[in-house]
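Written below as structure tokens is the structure these notes are about.
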């Protein structure tokens, strides 16, 4: 508890004791009234001061003002105890709320305890050679390319590449995955992971501000800025609720007595004014206004603990409405690690074909290009000689065309899919009987064989689809740039509802747009990709989910939800977390509005008195806040 | 031009009202007060004197919630 909260607590306790004594003494008025003003002022002085400031500033529907009117009114009507009690419980409610909100703020910042405080840099002498000494500096001050040293138990402060040492890293705070990762020289490491045992020397590849840990913290902290529809609804509701209740209170105080006067009955001013004051007690929309953003905040915090980063409250809301999940194939449902499975009908020897293909693909970071380079490296044991490559042109969605200097002269070399072969007018293209991705080759305008490349399904993919169905996803759809045979085989293996193959990146956008156009009502469509080549689709879908996005800036930028791990099972987890958070938030909305309406009705007909009203009001606040905090827990998902 | 300010405010409803008041201040394009992180994000119009705008923002917010604090 902070100072302010402690002070309020003392005032609450003091008021409770004094009021209890006065109640036990059962004094007569006016002495009782005068003495009761002591606990009343003790518990309510700040509210009365704020109320008078509110009047001066022309803020008539300020809750302090309303509370003051309600309680002073009750005191004057002779209901001293109730006047004190309303202030008393109102303060308890406020104290509880402020304590609970503060506590969850701290909880969530502890969850996200990945902010590194310092970096150990190697001290350089005048010639720029490390002296072997270390200096502890602010990570903000470390330039790209400096060598930092991370000891056992320390957090890696900045993204980089290990240049010396072996160790095991704990990435639980980042990915929610508790299995430690082994790293060694040449391995890329990300900031926020904790070095468990060895000593690591790391060459930084990013500045601190662009490093993973900083980005994640930034994202989580700013997530609340994108407000959800429910939050907007609540602010709107809060804006009209208080004035409406106040006007109703005024009517209740004046209209029935006047009606009584006209119909020549006793007017009963006291009774109706008391009922009107009861209205004012429940005029504060606090429970709602605090519990909804708190629910989202805790939900987003809990999700980030599980390795699911949600970039805004609105995305959590939309995710809970998702009925269709569209997947990208490569890297999402499949491992995206390709292997060259064979070279068929080659006109040159295997090694040369691999070399030339690797050369023309050498500027691409597409997984297929990487796999070909790897295969060449493994078969020949040599590094690529890039001087042989003279010219290179990429044809988007088809492949690459290049010129290669050979012993015999200059070769026109093309590698790509069937469309490329067609475009180049190559005849006698041979189709493969095996299922896999084919890279067709053409040399000097003649067909040169094809390389068969295969990808593996992720072991969790099948269960993911099954579980998605179980939690209410109607459609699972896969989009792939691969040929039909490959797409359909994966689709059938995994149990997907629909598969669309042979799509260029722009076709994927068009397909998602088509699905968006065809969806019904409030249903939402999520797109899951690995962020490579599918940033436009991620942006276009209702919710873009990027997975395995650690270190991929483009994906983090384009996606609405980022899964830190590349396990597709986390999609299920993300949806479950969203569903739970939204369920709790709606519970709070219905519960709080329901109880308030009930109190208004019961208050108007005289069944609920001021005690009832304040208990209901504070009770709703406490329960709604406790309920909202439940969204933080995501352990069993 | 966007800038973030640290805020101190106790009640969520006041935070909403402060956000409204900030949005209505001349020189401000958009504003967002996040009650959970206690941060006020303001997008200023080009070419305005930020300090002057902020002075007005603070004045307006204090009117709504005398207890609030905006750290400039």
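Since every read-out is calculated from the coordinates, none of them should be taken as a lab result. From a predicted model like this one, the values you see are computed outputs, not experimental measurements. Here the Cβ positions follow ideal geometry from the backbone for every residue, glycine too, while neighbour counts run over all protein chains shown.
If you consider only alpha-carbon coordinates, what radius of gyration and Dmax does the range A:489-637 have, in Å?
22.3, 71
Once you have a ≥ b ≥ c as the square roots of the Cα gyration tensor eigenvalues for the range B:2-71, tell me rounded if a/c is under 1.5, and otherwise prolate or oblate according to whether a/b is larger than b/c.
Prolate, because a/c is 1.5 or more and a/b exceeds b/c.
Write down the radius of gyration of the range A:1-45 and its Dmax, each obtained from C-alpha positions, in Å.
For the range A:1-45, the Cα-based Rg and Dmax read 12.1, 40 Å.
Using the Kirkwood radius over C-alpha pairs as Rh, can you work out the diffusion coefficient of the range A:536-587 via Stokes-Einstein at 25 °C, viscosity 0.890 mPa s, in µm² per second?
Translational D for this selection: 209 µm²/s.
How far apart, in nm, are the 7 Å Cα→Cβ label points at residue A:76 and residue A:430?
10.1 nm
Would you mind ranking B:17, A:232 by Cβ crowding within 10 Å, fewest neighbours first?
A:232, B:17
Order the peptides A:358-370, A:396-408 from the highest to the lowest mean number of other Cβ atoms within 10 Å of their residues.
Sorting A:358-370, A:396-408 by mean packing, highest first, produces A:358-370, A:396-408.
Can you compute the modelled spin-label distance between residue A:218 and residue A:168, with each label point 7 Å from Cα toward Cβ, in nm?
With each label point 7 Å from Cα toward Cβ, the separation is 3.4 nm.
Could you order the peptides A:54-67, A:83-96 from most to least packed, using the average number of other C-beta atoms within 10 Å per residue?
Values: A:54-67: 18.7, A:83-96: 23.1.
Final packing ranking: A:83-96, A:54-67.
Would you please put B:55-61, A:207-213, B:43-49, A:298-304 in order of how densely packed they are, using the mean number of other Cβ atoms within 10 angstrom per residue and starting with the highest?
Result, highest mean Cβ count within 10 Å first: A:298-304, A:207-213, B:55-61, B:43-49.
Using a 10 Å cut-off on Cβ to Cβ distances, tally the other chain neighbours for every residue of B:10-22 and report the average as a whole number.
Shielding by partners across B:10-22 averages 6.
Given R₀ = 35 Å, what would the calculated FRET efficiency be for residue A:469 paired with residue A:586, taking r from the Cβ atoms and rounding to 0.05? Provide the component values of the computation, followed by the final result.
Working: r = 24 Å, r/R0 = 0.67.
Given R0 = 35 Å and the Cβ-Cβ separation, E is 0.90.
Could you give the Stokes-Einstein D for the range A:335-456 in µm² per second, using the C-alpha Kirkwood radius, 4 °C, 1.567 mPa s?
The diffusion coefficient I find is 91 µm²/s.
I need the P(r) histogram for the range A:1-146: all alpha carbon pairs, bin width 5 Å from 0 out to the longest distance, whole percents.
All Cα pairs considered, the percentages come to 2, 8, 13, 13, 11, 9, 6, 5, 4, 5, 5, 5, 4, 4, 3, 2, 1, 0, 0.
How much length, in nm to one decimal, is gained on full extension between residue A:122 and residue A:444, taken as 0.36 nm per residue of separation minus their Cα-Cα distance?
Computed gain between residue A:122 and residue A:444 is 110.5 nm.
When chain B is treated as a GNM, springs tying every alpha-carbon pair under 10 Å, which of B:18, B:36, B:54 comes out with the largest mean-square fluctuation?
Its mean-square fluctuation being the largest, the pick is B:36.
Run through every distinct alpha carbon pair of chain A and return the Kirkwood hydrodynamic radius in angstroms, one decimal place.
In chain A this quantity evaluates to 29.4 Å.
Given contacts defined as C-alpha pairs under 8 Å and at least six residues apart, what's the relative contact order of chain B, whole-number percent?
Values: 110 pairs, mean separation 30.3, N = 72.
Computed value for chain B: 42 percent relative contact order.
Considering the Cα trace of the range A:172-316, what is its radius of gyration and what is Dmax, both in angstroms?
That works out to 28.1, 96 Å for Rg and Dmax.
Write down the percent of antiparallel bridges among all DSSP beta bridges whose residues are both part of chain A, to the nearest 5.
Approximately 75 percent, going by the DSSP bridge assignments.
Could you tell me how far the Cα centroid of the range A:569-637 sits from the Cα centroid of the range A:372-442, in Å?
62 Å
Based solely on its DSSP helices, what 222 nm [θ] is calculated for chain A when runs of n ≥ 4 H residues each add -39,500 (n - 2.57) and the sum is averaged over all residues, nearest 500 deg cm²/dmol?
-16500 deg cm²/dmol
Using only Cα atoms, locate the centre of the range A:238-263 and the centre of the range B:16-72, then give the distance between them in Å, rounded to an integer.
35 Å
For A:61-73, what's the mean count of beta carbons from other chains sitting within 10 Å of each residue's beta carbon?
Per residue, the number of nearby Cβ atoms from other chains is 1 on average.
Evaluate the relative contact order of the range A:239-287 (contact order divided by residue number), counting alpha-carbon pairs under 8 angstrom at least 6 apart; express in whole percent.
Answer for the range A:239-287 is 47 percent.
Using the basic label-point model (7 angstrom from Cα toward the beta carbon), what is the residue B:23 to residue B:50 distance in nanometres?
Here the answer is 2.2 nm between the modelled labels.
Return the average number of partner chain Cβ atoms within 10 angstrom of each residue Cβ along peptide A:595-603.
Values: counts 0, 0, 0, 0, 0, 0, 0, 0, 0.
Neighbouring Cβ atoms belonging to other protein chains average 0 per residue here.
Once you keep just the Cα pairs under 8 angstrom separated by 6 or more residues, what percentage relative contact order results for chain A?
Answer for chain A is 14 percent.
For A:433, A:181, which order do you get if you count the other beta carbons within 10 Å of each Cβ and list the fewest first?
Lowest count first: A:433, A:181.
If one takes the longest principal axis of the Cα atoms in chain A, at what angle in degrees, from 0 to 90 and to the nearest 10, does the Cα axis of helix A:484-494 lie?
It is inclined by approximately 50 degrees.
Rounded to the nearest 10 degrees, what's the angle between the helix A:350-360 long axis and the longest principal axis of chain A, both from Cα atoms, 0 to 90?
50 degrees
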